[in-house]
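Notes follow the structure.
The values are calculated or read from the model by the stated rules, or taken from the named source; none is laboratory data. Given the structure is predicted, the values throughout are model-derived calculations rather than measurements. Quick reminder, even Gly has a Cβ in these numbers, built from the backbone with ideal geometry, and neighbours come from all protein chains shown. Areas reflect the complete protein model, heavy atoms only, side chains present, ligands, DNA and RNA absent. Shrake-Rupley method; radii C 1.70, N 1.55, O 1.52, S 1.80 Å.
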Amino acid sequence: MYLTYYNGQWAEGNTPLFGAMDHSVWLGSSVFDGARALRGHLPDLRPHLERVVTSAEKLGLTCPLSVDEMEALVHEGVARFPADAELYIRPLVFASEGFLIPTAEAAAFALTLFDAPLPPFTGFSACLSPLRRPEPTMAPTDAKASALYANTARALREAKARGFDNAVLLDAAGNVAEFATSNLFLVTHDGEVVTPALNGTFLAGITRARVIALLGEAGVKVVERTVKPEELETAREIFSTGNYGKVTPCTRYETRELPAGPVARQARERYLAYTETT
């Protein structure tokens, strides 16, 4: 089921939003964010809504709704689904006017909620992509901009053609940035829990930050530092954090089989327990 709020009303199905001359259609000026409703719980909803506002500003757009207004709409939309539904929540801000530069105040807003069961803790496979994440001087990497996802889709297509589910992308300097679709964590061969340090080439994930904090509360220190791609070849565990799957283990990297290890399992369990408090 798809449910979208647009122009003051809710509609089911794939709601039409754009005109052929809208700036977002032909020049890519749109941003979005993703949050979750898990059986009525809304973990970190406001940070996701706050980020869509700042992402819009980075692209020269003004979000037509405040965070409070978006939050109220989310609660209204979630109430239209069954109480045990697991949903993806996607606020979208897009430019409708402008030639090369979008007209900031003419930005439009749509909020879509749809059924998206949380993936099971069974794991995924990944390979090293030949593609790179752009530097901040090359693309709007400080925003969750729709235009960035063409590179994501290309990396995923190439990975799937090689028989993998996902891909690891490096930054321009050749260091590990993240998975194509989510942030990356690893447990090194000597037991250090690591995630690539934020360097502007990938978003500071909201779930990433929550998992670092939750592991820290359990006495597990997560080190944020530069990660070399060869470290993935000897890692004890590799796992991802992101809004869609929350915490998911990578159980095959290139030719290596990996366990769904204890750190990933603890991160998943603590995140789901945290969700119950929201």
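Some points to look at:
- Rounded to whole Hz, the Karplus (6.51, -1.76, 1.60) HN-Hα couplings of segment 46-51, x for glycine and proline: 4, x, 5, 5, 4, 5
- The amide H of VAL227, built 1.01 Å from its N in the peptide plane, has VAL176, ALA197 as neighbours under 5 Å, considering only residues 5 or more places off or on other chains.
- Three-way shape call for segment 19-145 based on the alpha-carbon gyration tensor, with the a/c threshold at 1.5: oblate
- The fraction of accessible area contributed by carbon and sulfur in the chain is 54 percent, rounded to a whole number (1.4 Å probe; ligands and nucleic acids excluded).
- Neighbour-limited loop hits for trypsin sites (Lys or Arg not before Pro), segment 157-239 (at most 14 other Cβ within 10 Å; DSSP other than H, G, I, E, B): ARG162, LYS221
- Per-residue 3J(HN,Hα) values for segment 209-214, derived from phi via the Karplus relation 6.51 cos²θ - 1.76 cosθ + 1.60 with θ = phi - 60°, read 5, 5, 5, 4, 5, 5 Hz in sequence order (x marks Gly and Pro).
- Nearest-10 value in Å² for the accessible area of ARG133, using the 1.4 Å probe: 20
- Annotation note: trypsin sites (Lys or Arg not before Pro) in segment 38-139 located in DSSP loop regions with a Cβ neighbour count of at most 16 within 10 Å are ARG39, ARG80.
- Too-long pairs where the Cα-Cα distance tops 30 Å, listed order kept, from LYS221/LYS246; LYS144/LYS221; LYS58/LYS160: LYS58/LYS160
- The HN-Hα couplings worked out from phi for segment 188-202 by the Karplus form 6.51 cos²θ - 1.76 cosθ + 1.60 (θ = phi - 60°) are 5, 4, 9, x, 6, 8, 9, 9, x, 5, 5, 9, x, 8, 8 Hz, whole numbers, x standing for Gly and Pro.
- For segment 1-108, the share of DSSP beta bridges that are antiparallel, to the nearest 5, is 100%.
- Residue-span extension gain [ASP68 to LEU272] - 0.36 nm each, minus C-alpha spacing: 70.9 nm
- Around the amide H of ILE89, modelled in the peptide plane, lie the amide H atoms of ALA35, ARG36, ALA37, all under 5 Å away and 5 or more residues distant in sequence or on another chain.
- Across the chain, the mean sequence separation of Cα contacts (distance under 8 Å, 6 or more residues apart), normalised by length, yields a relative contact order of 18 percent.
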